[in-house]
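Worksheet: one structure, shown below.
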Amino acid sequence: MTVSPPTLQSRHQFADGAFSPMLPCIAAIDGGGTKTLLAVVDRDGSLGPVLRGKGSNPFDKTDWQDVLQSLIGQLPATTAGLSLGLAGYEETRVLGREQSEVVGNAFAGPFSISSDVEMACTGAFAGEAGVLVLSGTGSVAWATDGRGGQVKIGGWGGLFGDEGSGFWIGRQALALLTTLLDGRNQTDHAFFAPFATAMGLATEKEACGMALLEWYGTLRHPRASVAALARVVSDLAEDGLEPARRLMCDAADHLCAHIEAAQRHFSQTSLSWSYAGGTFQSRFLRESVAVRHGAPVPPRLPPVGGGLLNAARLAGWDVDDAWIERVSVALRDAGLTS
């Protein structure tokens with residue numbers, strides 16, 4: 001099986017000489033269900049190649065190996081360390097072993113692999129204490145006490161969990177739509193027309209039901225497509241539509257439960273919270289969580305930046321706050337900040 005070549009997002013650093021492909025560099029890969037991102041920086045924190053490929057979650061994508069191999073094949077020859085944060089890593093021993101083998105066969109230098117949420121937590125707090133809540137297609141939290149203790153909360157997948165995720169929100173919205181279509185719900189009629197219209201469905205109920213089943217039957221990636229509906233629900237919530245606001249508040253309650261479970265685990269340490277994942281692009285969702293847990297700490301680095309921090313340490317580089325700040329600015333200027 002082959003995949004399309006990864007999309008080059010930024011190489012402007014080559015033009016002005018800030019990044020040289022002839023000097024040592026390090027790289028990170030952030031592999032999620034929707035996209036896989038590779039970023040390269042040099043010892044000074046200057047940004048080099050940035051590549052974006054398709055999703056590489058082995059639970060969702062049959063071509064995940066090809067995606068990783070294609071990206072790793074684009075690394076500069078001077079790459080001194082590679083850190084990967086991969087969705088699904090070590091959720092089963094077989095998959096973890098397969099992911100390690102794919103990377104090891106494609107990259108000859110030193111590398112490390114963690115879950116995508118652990119890498120996001122490293123980036124958000126740059127190794128300090130905190131709890132990172134990730135809500136994208138799925139949901140999970142990763143917390144650290146800053147002294148080596150770590151705990152994962154959630155991340156059980158769409159069958160057992162993923163509460164508060166984009167998929168969960170989309171699934172709840174579709175369930176609400178079907179109960180309105182067949183008359184089980186007699187109280188949330190205000191949700192029907194705006195949501196159906198946003199999905200491109202008819203607003204006449206019989207035609208809508210048929211179109212909904214046709215929509216679902218043609219999906220190539222159902223989880224990702226359902227998760228994308230969370231943006232629709234968020235927009236309707238921000239417009240003041242009450243049923244949509246209720247769905248988003250329910251999602252926030254589930255994500256708050258992740259934070260509270262992490263805090264109970266590290267009861268002697270005060271944990272700030274931060275966030276990652278496309279669902280948190282919703283201002284309504286962020287503010288709903290903040291009502292209970294205060295304003296989030298802006299991530300010091302995006303998830304791929306956490307991987308760059310890991311890779312720099314793996315390569316034996318001296319990493320200080322100034323280096324972290326330079327990398328943060330470079331990633332932000334390239335549009336890679338959460």
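Rule-based calculations on the coordinates, nothing more; no lab input. As the structure is a computational prediction, the values presented were derived from the model and not from experiment. Positions of Cβ are generated from backbone atoms using ideal geometry, with glycine treated the same way; all protein chains shown enter the neighbour counts.
The table below lists the values:
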{"quantity": "Nitroxide proxy distance, nm - points 7 Å out along Cα→Cβ at Leu23 and Ser270", "calculated": "4.0"}
{"quantity": "Loop-resident sites, region 203-257, for trypsin sites (Lys or Arg not before Pro), counting at most 12 other Cβ within 10 Å (DSSP)", "calculated": "Arg220"}
{"quantity": "DSSP-loop chymotrypsin sites (Phe, Trp or Tyr not before Pro) across region 113-218, with at most 16 other Cβ within 10 angstrom", "calculated": "Trp156"}
{"quantity": "Radius, Kirkwood style, for region 294-338 when every pair of distinct Cα atoms is counted (Å)", "calculated": "11.0"}
{"quantity": "Helix-only mean residue ellipticity at 222 nm for the chain, each DSSP H run of n ≥ 4 adding -39500 (n - 2.57), per residue, nearest 500", "calculated": "-14500 deg cm²/dmol"}
{"quantity": "Under 17 Å from the Leu213 label point (7 Å along Cα→beta-carbon), backbone N, region 167-189", "calculated": "175, 177-184"}
{"quantity": "Calculated SAXS-style log₁₀ I(q)/I(0) at q = 0.16, 0.26 Å⁻¹ - region 80-127, Debye, Cα scatterers", "calculated": "-0.46, -0.96"}
{"quantity": "Net charge over other residues, Cβ less than 11 angstrom from the Cβ of Gly88 (K, R count +1; D, E count -1)", "calculated": "-4"}
{"quantity": "Chain lengthening between His221 and Glu260 when straightened (0.36 nm per residue, less Cα-Cα)", "calculated": "10.8 nm"}
{"quantity": "Relative frequency of Cα-Cα separations exceeding 25 Å in the chain, percent", "calculated": "53"}
{"quantity": "Stokes-Einstein D (µm²/s) once Rh is taken as the Kirkwood radius of region 127-297 over alpha-carbon pairs, at 10 °C in 1.306 mPa s", "calculated": "95"}
{"quantity": "Positive-end residue of Ala141, Tyr216, Ala252, charge dipole of region 127-297 with Cβ unit charges", "calculated": "Ala141"}
{"quantity": "Point-charge dipole on Cβ atoms (K/R +1, D/E -1) for the chain, about Cα centre, debye to 20", "calculated": "160"}
{"quantity": "Net length gained if the chain between Arg286 and Ala202 were fully extended (0.36 nm per residue, minus Cα distance)", "calculated": "27.1 nm"}
{"quantity": "Long-range HN-HN contacts of Ser83 with modeled amide H, under 5 Å", "calculated": "Ala27, Ala28, Ile29, Ser112, Ala311"}
{"quantity": "Whole-angstrom Cα spans of region 192-249 along principal axes, big to small", "calculated": "30, 27, 14"}
{"quantity": "Given charges at beta-carbon only (K, R positive; D, E negative), |dipole| of region 127-297 in Debye", "calculated": "420"}
{"quantity": "FRET efficiency for Asp44 and Asp250, using Cβ-Cβ distance with R0 set to 41 Å, rounded to 0.05", "calculated": "0.35"}
{"quantity": "Rounded to 5, the percent of DSSP beta bridges in the chain classed as antiparallel", "calculated": "65"}
